[in-house]
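Structure record follows, encoded as structure tokens.
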Amino acid sequence: MKVLIVGSGYVGLTTGSALAYLGHEVTLLDKNEEKIMRLRDGEVPIYERGLSEVLDESKQNIQFISSWNDFDSNVDIVIIAVGTPNKGNGDVDLSYVETVAKSIGEKLDEKSNPIIVNKSTVPIGSARRVKSIIEDELKKRNILKEIDVASNPEFLREGEALFDTFYPDRIVIGTESERAKNSLLNLYQPILEQTFTPPRAVKRPEGFPLPSVITTSPTSAELIKYAANSFLAMKISFINEFAGLAELVGADITEVAKGIGLDKRIGSRFLNAGIGWGGSCFGKDTAAILHTASQYNYEMPLVEATVKTNYKQRELVIRKLQSELKVLRGATIGILGLAFKPNTDDLRDAPSLDIIRGLIELGANVKVFDPVAMENCKKQYPDINVIYTESVEELFEGCDGIVLVTEWEEFLHLPYQNLAERMKKKLIVDGRNVLDKELLKKSGIIYRGIGRG
Ligand code: UDX
């Protein structure tokens, strides 16, 4: 099929490269000319596992454009994958989506009638909004036709976005139009039936069952996305709430999580207690759904508590340091990891930033180390006054306490005993509960996890 994808961020670029790999004819449009030039030159502007390999393998099926003037209206599907940032009050800024809808309306003619698909995470009713903007634009040129729209949310994890695209648990198609539904089923057929040869860089997991497909209304599809992210965020906050109690009663939350996770109704994933979630989705989507609820004068106390508990976890780390070191003014604290999760350089809503700001406010000196996210941090937060270090050895040197914030693989088995020799006080706060607490204690390190007795 001929597909235009608008927006070459994480979602647009991974979806585009996967569809091209599957044999569709993909055009990726992004108004950022520089990015398009780089993509044309074979450069991949984001870090995603397998992305450069998959793009390279499918380059004959994908082209990059930066202007609507180069848009060939004779396409089967237009996928909108532009940003939907938060306005600050939880409300979603739909202006990019609306601008795209207007451009589509300006470019379509009597003959062209592609299916319009919303992949961006958008508030309830956005599919209808996009439809009416396009139809109104067409009316201005006396073209009267009905546009078929669909909501097709993504559930991609950063870093694993291609894996999640090729091997999803489910595909959700929300539309009132039979034509749109059939088009999308056609588009995703190789994924739904797993008939493609897996890319070398993104292997199919053994025993992978065929993904389910849910066809529903646009509104239900839009709500599915918010409910999924709110639920995952709630699961993490739930275990974090119990972690607090585990600490008081002397239980170990990692054992508790194991004990409940084996119940198939609960499941073991997303039960790692720690300093909580960050990233571009959970915070934005929980705020957006609370905003939507408020427009209906409807309360969602579970989602509210999910958010509150999450941000409390970041303060908890500082309380732990205070309880060991008493006064933080003048103390030196080392932050091990800046990215909101491993295998990304993304700092959006990263717990590290709140923790660093809190420590600086209390007068502590802060040193940081992250294998990939430090350059981003320097660029995006030049106001944050921290010492960037070149190695873990340099980070530990002279510290009164270390906080493990991001569980990078390389941090899991560091020679902590030797590194601690460099510290003024051998204190490690394990914000992700990933270190061997007994081993550390044996080496004379004061170990503080989250909810570990
Ligand atoms: C998430 C969803 O997983 C994805 O489906 C959605 O489309 C976008 O949001 P992502 O933000 O990439 O994806 O990260 P994810 O791997 O889900 O982790 C989110 C955050 O939760 C991270 O900060 C992670 O450290 C934290 N987390 C995750 C926990 O604190 N405990 C857990 O058990 C799992």
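The values are calculated or read from the model by the stated rules, or taken from the named source; none is laboratory data. Because the structure is predicted, anything quoted here is derived from the model rather than measured. When we count neighbours, we look across all protein chains shown, and the Cβ atoms used for this are built from the backbone with ideal geometry, even at glycine. Heads up: the accessible areas ignore ligands, DNA and RNA and are worked out on the full protein's heavy atoms, side chains in. Shrake-Rupley method; radii C 1.70, N 1.55, O 1.52, S 1.80 Å.
A compact table of results
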{"read-out": "Global geometry of region 30-144, whether rounded, prolate or oblate, following the gyration tensor of its Cα atoms and the 1.5 cut on a/c", "value": "oblate"}
{"read-out": "Size of charge dipole - region 210-281 - debye, nearest 20, with Cβ of Lys, Arg +1 and Asp, Glu -1, no other charges", "value": "300 debye"}
{"read-out": "Under 5 Å, built H, 5+ apart or other chain: amide partners of Asn118", "value": "Ile80, Ala150, Ser151, Asn152"}
{"read-out": "Distance between modelled label sites at His291 and Ser268, nm, 7 Å Cα→Cβ extension", "value": "3.8 nm"}
{"read-out": "Charge-dipole axis of the chain as Lys and Arg at +1 and Asp and Glu at -1 on Cβ define it, positive-most pick from Phe282, Ile133, Gly398", "value": "Gly398"}
{"read-out": "Those chymotrypsin sites (Phe, Trp or Tyr not before Pro) in region 298-380 that DSSP places in a loop and that have at most 13 other beta carbons within 10 Å", "value": "Tyr298"}
{"read-out": "J(HN,Hα) series, region 174-184, from Karplus relation 6.51 cos²θ - 1.76 cosθ + 1.60, nearest Hz, glycine and proline x", "value": "x, 7, 9, 9, 5, 5, 5, 4, 5, 4, 5"}
{"read-out": "Electrostatic dipole magnitude of the chain [Cβ: Lys, Arg +1; Asp, Glu -1; Cα centre; debye, to 20]", "value": "960 debye"}
{"read-out": "Distant-in-sequence amide H partners of Ile171 (H built 1.01 Å from N, under 5 Å)", "value": "Ser212, Val213, Ile214"}
{"read-out": "Under the Debye formula (equal points on every Cα, no solvent term), log10 I(q)/I(0) of region 335-453 at q = 0.09, 0.12, 0.20 Å⁻¹", "value": "-0.22, -0.39, -1.13"}
{"read-out": "In nm, spacing of pseudo-spin labels at Ile446 and Ser67 (7 Å Cα→C-beta vector)", "value": "6.4 nm"}
{"read-out": "Net lengthening on full extension, Glu255/Glu421 (0.36 nm per residue, minus Cα-Cα)", "value": "56.7 nm"}
{"read-out": "Anchor Lys145: aspartates and glutamates whose Cα lies under 14 Å away (excluding residues fewer than 8 positions away in-chain)", "value": "Glu106, Asp109, Glu110, Glu135, Asp136, Glu137"}
{"read-out": "Mean-position separation - Cα centroids, region 83-122 and region 150-200, in angstrom", "value": "20 Å"}
{"read-out": "Within the chain, helix-based [θ] at 222 nm, where runs of 4 or more DSSP H residues each add -39,500 (n - 2.57), nearest 500", "value": "-13000 deg cm²/dmol"}
{"read-out": "At R0 = 41 Å, FRET efficiency that the Cβ-Cβ distance of Tyr47 and Arg179 yields, to 0.05", "value": "0.65"}
{"read-out": "Loop-located trypsin sites (Lys or Arg not before Pro) in region 227-289 whose Cβ has at most 15 other Cβ within 10 Å (DSSP)", "value": "Lys264, Arg265, Arg269"}
{"read-out": "Three semi-axes of the equivalent ellipsoid, the chain, Cα gyration tensor, whole Å, largest first", "value": "43, 23, 21"}
{"read-out": "Proximal aspartates and glutamates to Lys326, defined as alpha-carbon separation beneath 13 angstrom and excluding residues fewer than eight positions away on the same chain", "value": "Asp400"}
{"read-out": "Farthest toward positive dipole pole in the chain [+1 Lys/Arg, -1 Asp/Glu at C-beta], among Pro371, Leu19, Val429", "value": "Val429"}
{"read-out": "Point-charge dipole on Cβ atoms (K/R +1, D/E -1) for region 329-401, about Cα centre, debye to 20", "value": "200 debye"}
{"read-out": "Which listed pairs, of Lys203/Lys367; Lys284/Lys378; Lys264/Lys442; Lys225/Lys437; Lys225/Lys264; Lys312/Lys367, have C-alpha distances above 27 Å, in listed order", "value": "Lys203/Lys367; Lys264/Lys442; Lys225/Lys437"}
{"read-out": "Loop GluC sites (Glu not before Pro), region 252-337 (other Cβ atoms within 10 Å of the site Cβ: 16 or fewer; DSSP)", "value": "Glu299"}
{"read-out": "Backbone HN-Hα couplings from phi across region 75-80 [Karplus 6.51/-1.76/1.60, Hz, Gly and Pro as x]", "value": "10, 7, 9, 10, 9, 8"}
{"read-out": "Karplus-derived HN-Hα couplings along region 129-140 (A = 6.51, B = -1.76, C = 1.60, θ = phi - 60°), whole Hz, x at Gly and Pro", "value": "4, 4, 4, 6, 5, 5, 5, 5, 4, 5, 4, 4"}
{"read-out": "Gyration tensor verdict on region 228-323 (Cα atoms; rounded if a/c is under 1.5, prolate if a/b is larger than b/c, oblate otherwise)", "value": "oblate"}
{"read-out": "Percent antiparallel among DSSP beta bridges (both partners in the chain, rounded to 5)", "value": "5 percent"}
{"read-out": "Of Lys87/Lys111; Lys2/Lys140; Lys31/Lys308; Lys111/Lys131; Lys308/Lys426, pairs whose Cα-Cα distance is over 29 Å", "value": "Lys87/Lys111; Lys31/Lys308; Lys308/Lys426"}
{"read-out": "Sites Gln322 and Phe196 - FRET efficiency at Förster radius 56 Å, r taken between beta-carbons, to 0.05", "value": "0.55"}
{"read-out": "Largest to smallest accessible area among Lys326, Lys442 [probe 1.4 Å]", "value": "Lys442, Lys326"}
